[in-house]
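No value in this document is a laboratory result; all are computed from the given coordinates. Given the structure is predicted, the values throughout are model-derived calculations rather than measurements. Neighbour counts run over all protein chains shown; Cβ positions are idealised from the backbone, glycine included.
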Amino acid sequence: MYITCLDLEGVLVPEIWIEFADAAGIPELKKTTRDEPDYDKLMKYRIDILNEHGLGLKEIQETIEKIDPLPGAKDFLDKLRANGQVIIISDTFSQFAMPLMKKLGYPTIFCNELTVSDDDKITGYKMRCDKTKLTTVKALQSCGFQTIASGDSYNDLGMIENSKAGFLFRTTDEIKAKYPNLQAFEEYTDLYDTIISAQK
Ligand SMILES: [Mg+2]
């Protein structure tokens, strides 16, 4: 019994914060974990900027609604879901992912949550658990599933390396060079064929 575990941003949809920064016209929000490795510090910086611009959750979700999945992502996901269970495991927040899940046909997603005040302001965030992606594939394995995982970033490596099969997708040259043992794909058709073969 296999479950395919897919990363969201960079694999099925663009990087949400970068797209959001463009859509909202707030270039300061383009800062990512590559510029600020301390995630807590980065999130506090982002939340302060959102509050400075008077952006509540409703306005943010309206802006995220303008973001589309990557071309071909929905077809890939639909085909994969017709052949087995798929869970998207992401470190984004459910409130940000929601408008994008609608465009992907409401697949199952495990992600984190923002805390929001009664007047719709983002006040903080809550991670589901430590090492979210790795912990989740291990939990699935503990209840009888074998996992196949794919993602593009450093935070995907735990689930990729600890699954029955794991693949990089549209990753960076740096990660490819550091992990030459991992197969890396650029096209959905190649990733789909390889995932299906790994289930046999
Ligand atoms: Mg990603």
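The table for this structure:
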read-out: Rel. contact order, % - alpha carbon contacts under 8 angstrom, at least six apart, the chain; value: 23 percent
read-out: Label zone at K178, where the point sits 7 Å out along the Cα-to-Cβ direction: segment 141-160 residues whose backbone N lies under 18 Å; value: 150-160
read-out: Relative contact order (%) - criterion: Cα under 8 Å, at least six apart; region: segment 142-200; value: 28 percent
read-out: Estimated FRET transfer efficiency when R0 is 25 angstrom, pair E52-S94 (beta carbons, to 0.05); value: 0.55
read-out: Partners for K58 among lysines (Cα-Cα distance below 23 Å; same-chain residues under 8 apart left out); value: K30, K31, K44, K66, K102, K103, K121, K126
read-out: Assigned charges on the beta-carbon of Lys, Arg, Asp, Glu; the chain dipole about Cα centre (debye); value: 760 debye
read-out: Contact order normalised by residue count of segment 46-150, Cα under 8 Å, 6+ apart, percent; value: 26 percent
read-out: Cα-centre dipole for segment 139-188 with unit charges at Cβ (Lys and Arg positive, Asp and Glu negative), debye to 20; value: 180 debye
read-out: For segment 1-73, fraction of C-alpha pairs farther apart than 20 Å, in %; value: 38 percent
read-out: Descending Cα extents along the principal axes, the chain, whole Å; value: 52, 34, 32
read-out: Helical mean residue ellipticity (222 nm; -39500 (n - 2.57) per DSSP H run of 4+; nearest 500) of the chain; value: -12000 deg cm²/dmol
read-out: Separation between Cα centres of segment 97-136 and segment 9-76, rounded to whole Å; value: 13 Å
read-out: Magnitude of the charge dipole, segment 67-140, Cβ model with Lys/Arg +1 and Asp/Glu -1, debye to 20; value: 360 debye
read-out: Loop trypsin sites (Lys or Arg not before Pro), segment 122-160, which have at most 15 other Cβ atoms in a 10 Å radius of their Cβ (DSSP); value: R128, K131
read-out: Residue-span extension gain [K138 to Q61] - 0.36 nm each, minus C-alpha spacing; value: 24.6 nm
read-out: Residue with peak Gaussian network fluctuation, the chain [Cα springs, cutoff 10 Å], from D156, D173, D78; value: D173
